[in-house]
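Colleague: Quick one: the structure is below, questions incoming.
Values in this text are rule-based calculations from the coordinates and carry no lab data. Predicted model only: the values in this text are computed from it and were never measured. Here the Cβ positions follow ideal geometry from the backbone for every residue, glycine too, while neighbour counts run over all protein chains shown.
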Amino acid sequence: MHILTIIGARPQFIKVAVLSRYIRNNPQLGVKETIVHTGQHYDQNMSDIFFTEMDIPQPHYNLHIGSGSHGKMTGLMLEKIEALLLELKPDAVLVYGDTNSTLAGALAASKLHIPVAHVEAGLRSYMMVMPEEQNRRLTDHLSTWLFCPTDTAIDNLKKEGIISTGGLPSADNKTVCKTGDIMYDASLYYRQKNIPLQIPSNFILLTIHRAENTDDPVRLKSIVNAVNSLSESKFLFPVHPRTKKILTEHGLDFGKHVTLIDPVGYLEMLKYEEACVAVLTDSGGVQKEAFFFQKPCITMRDTTEWVELVSSGWNTLTGADTGKIISAIGNIHTPENYPQLYGDGHTAEKIMKVLLCQY
Ligand code: UD1
Ligand code: UDP
């Protein structure tokens with residue numbers, strides 16, 4: 001089976017690391033993987049560092065799309081991916097998550113009747129203004145194999161009429177299955193790796209990059225005000241390039257209790273997640289990783305796709321409201337129960353089994 005995998009943004013490098021390693025470690029499966037990097041993320045610390053430190057094979061192709069408006073980026077990707085698919089004729093196209101690279105890969109493949117496998121299918125925020133919600137909904141509807149991390153994701157798909165139908169795999173004959181979360185596999189494997197690092201103590205790990213927070217000056221200022229008011233806490237803040245640019249444009253500064261650093265590699269990020277007292281974030285992946293390390297998480301969003309983190313008490317949603325963020329940090333506590341929400345760490349194996357037995 002020849003699988004062509006499309007990746008392009010930071011969280012996708014972390015996800016592909018797991019599945020690609022599984023394919024490489026199991027040559028008896030007879031799977032050939034071609035990795036295509038769209039170039040959506042391109043800075044050394046947003047892209048290359050992950051390939052080097054996580055032993056991800058260098059992409060066979062880099063489309064060098066770079067940054068731009070949603071339409072321009074997605075359109076350029078679509079054109080280039082289509083040309084590659086026509087040349088390479090893979091048996092399936094595999095996409096991860098909900099970025100513009102995900103949608104471009106799924107759309108290019110399905111227009112050519114190449115079946116699409118979507119890892120992290122079925123997640124919903126029920127906010128169609130989010131670029132990610134548009135990307136994931138469209139991708140799910142175009143996909144043949146929908147690999148869901150949770151029962152909630154399966155239920156979300158059911159509500160949209162997406163269920164397993166059986167029959168020869170195609171965009172109309174779908175397979176929906178629960179596999180657990182591939183980011184859990186990643187965190188279990190890579191947390192064992194040691195790197196030389198001076199880790200601060202007693203700090204809150206902060207990340208901000210969601211469009212709804214960074215593109216709205218009112219929300220962004222409200223978040224900055226909350227963090228600046230919490231001057232009795234220490235924060236460590238690896239700053240996404242999008243956020244860095246916008247903070248500079250608006251002249252927004254943080255107090256001395258906030259240490260701003262450039263984006264870090266995954267191994268370093270895991271060490272900070274392990275060492276922190278809590279996480280304050282608007283990231284999808286970081287919300288889950290806080291839970292993997294049994295750290296309370298405060299999420300600066302109005303909704304989350306990872307609803308089970310909220311119902312189990314591990315995650316508190318505050319939106320961008322200054323008062324709610326301050327009060328949530330003041331109420332940080334660790335719930336007593338730690339449910340097994342995201343599978344058993346064998347997501348990659350489950351995905352490959354389904355793909356191979358149906359192919
Ligand atoms: C993208 C995804 C988002 C995901 C995030 C992971 C979409 C619509 N959004 O958001 O779902 O959570 O990646 O981090 O696909 N930039 C650089 N260097 C880089 C990459 C980006 O400077 O290597 C800057 C550019 O100014 C660019 C901006 O960041 O315009 C935004 O990048 P983009 O890929 O469009 O969106 P993200 O916010 O990274
Ligand atoms: N991450 C990282 N370095 C950083 C910030 C995040 O390696 O400086 C990792 C983080 O551990 C998680 C992933 O990037 O695995 C999350 O990506 P991001 O927050 O950019 O996107 P999202 O998950 O919201 O789509």
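Colleague: Residue under question is TYR61, and the condition is that it be within 18 Å of ARG10 (Cα to Cα) and within 16 Å of ligand 1 (Cβ to nearest atom); does it hold?
Modeller: no
Colleague: Pairs please, first residue from the stretch 67-84 and more than 23 Å from ALA211 (Cβ to Cβ) and more than 16 Å from ligand 2 (Cβ to nearest atom), second anywhere and in a helix (DSSP H, G or I) and of a type in the set (D, E, K, R), Cβ atoms under 9 Å, 6+ apart in sequence or on different chains.
Modeller: These pairs meet every condition: GLU82/LYS111.
Colleague: Could you look through the stretch 2-49, keep only residues that are out of contact with any strand residue (DSSP E or B) (no Cβ under 7 Å at 6 or more places or on another chain) and outside any helix (DSSP H, G or I), and pick out the one that is farthest from ligand 2 (Cβ to nearest atom)?
Modeller: The qualifying residue farthest from ligand 2 (Cβ to nearest atom) is GLY30.
Colleague: Say whether the condition of being over 19 Å from THR175 (Cα atoms) and of a type in the set (Asp, Glu) is met by at least one residue in the stretch 100-120.
Modeller: no
Colleague: Give all pairs with beta carbons closer than 8 Å in which a residue from the stretch 30-49 that is touching a residue at least 40 places away in the same chain (Cβ under 8 Å) and over 22 Å from ALA104 (Cα atoms) meets a residue that is assigned to a loop (DSSP other than H, G, I, E, B) and near ligand 1 (Cβ under 9 Å from one of its atoms); count only pairs at least 6 apart in sequence or on separate chains.
Modeller: ASN45/PRO263
Colleague: If you go through the stretch 22-52, how many residues are aliphatic (A, V, I, L, M) and either within 16 Å of ligand 1 (Cβ to nearest atom) or touching a Ser or Thr at 6+ places or on another chain (Cβ under 9 Å) (or both)?
Modeller: Qualifying residue count for the region: 4.
Colleague: Would you tally the residues in the stretch 121-147 being away from ligand 1 (no atom under 16 Å from the Cβ) and either surrounded by fewer than 21 Cβ atoms within 10 Å (Cβ to Cβ) or not aromatic (Phe, Trp, Tyr) (or both)?
Modeller: Qualifying residue count for the region: 7.
Colleague: May I pose another question? Of all the residues that make up the stretch 184-219, how many are in contact (Cβ under 8 Å) with a residue 60 or more places away in the chain and more than 25 Å from VAL129 (Cβ to Cβ)?
Modeller: 18
Colleague: Right, something else. Exactly one of these conditions fails for GLU274: (1) closer than 23 Å to HIS41 by Cα; (2) within 15 Å of ligand 2 (Cβ to nearest atom). Give me its number.
Modeller: Result: GLU274 passes all but (1).
Colleague: Further question: Starting from the stretch 223-242, keep only residues that are within 16 Å of ligand 1 (Cβ to nearest atom), then list their pairs with residues that are of a type in the set (Val, Ile, Thr) whose Cβ atoms are within a distance under 6 Å, requiring at least 6 positions of separation or different chains.
Modeller: Pairs found: PHE237/VAL258; PRO238/ILE261; PRO238/VAL264; ARG242/THR214.
Colleague: Test of understanding: among LYS295, LYS271, LYS353, LYS288, which residue is among the basic types (Lys, Arg) and in contact with a helix residue (DSSP H, G or I) (Cβ under 6 Å, 6 or more places away or on another chain)?
Modeller: Details: LYS295 fails: in contact with a helix residue (DSSP H, G or I) (Cβ under 6 Å, 6 or more places away or on another chain); LYS271 fails: in contact with a helix residue (DSSP H, G or I) (Cβ under 6 Å, 6 or more places away or on another chain); LYS353 fails: in contact with a helix residue (DSSP H, G or I) (Cβ under 6 Å, 6 or more places away or on another chain).
The unique qualifying residue is LYS288.
Colleague: Restricting to the stretch 94-116, name every residue that is within 16 Å of ligand 2 (Cβ to nearest atom), in a strand (DSSP E or B) and of a type outside the set (Ser, Thr, Tyr).
Modeller: The one that is within 16 Å of ligand 2 (Cβ to nearest atom), in a strand (DSSP E or B) and of a type outside the set (Ser, Thr, Tyr): VAL95.
Colleague: Of the residues in the stretch 247-269, how many are over 21 Å from PRO11 (Cβ atoms) and loosely packed, with under 15 Cβ neighbours inside 10 Å?
Modeller: Qualifying residue count for the region: 8.
Colleague: Under 6 Å by Cβ, and 6 or more places apart or on different chains, what pairs join a residue from the stretch 276-288 that is closer than 12 Å to PRO238 by Cβ with one that is near ligand 2 (Cβ under 8 Å from one of its atoms)?
Modeller: That search, which allows pairs on different chains as well, returns THR281/THR207; SER283/THR207; VAL286/THR207.
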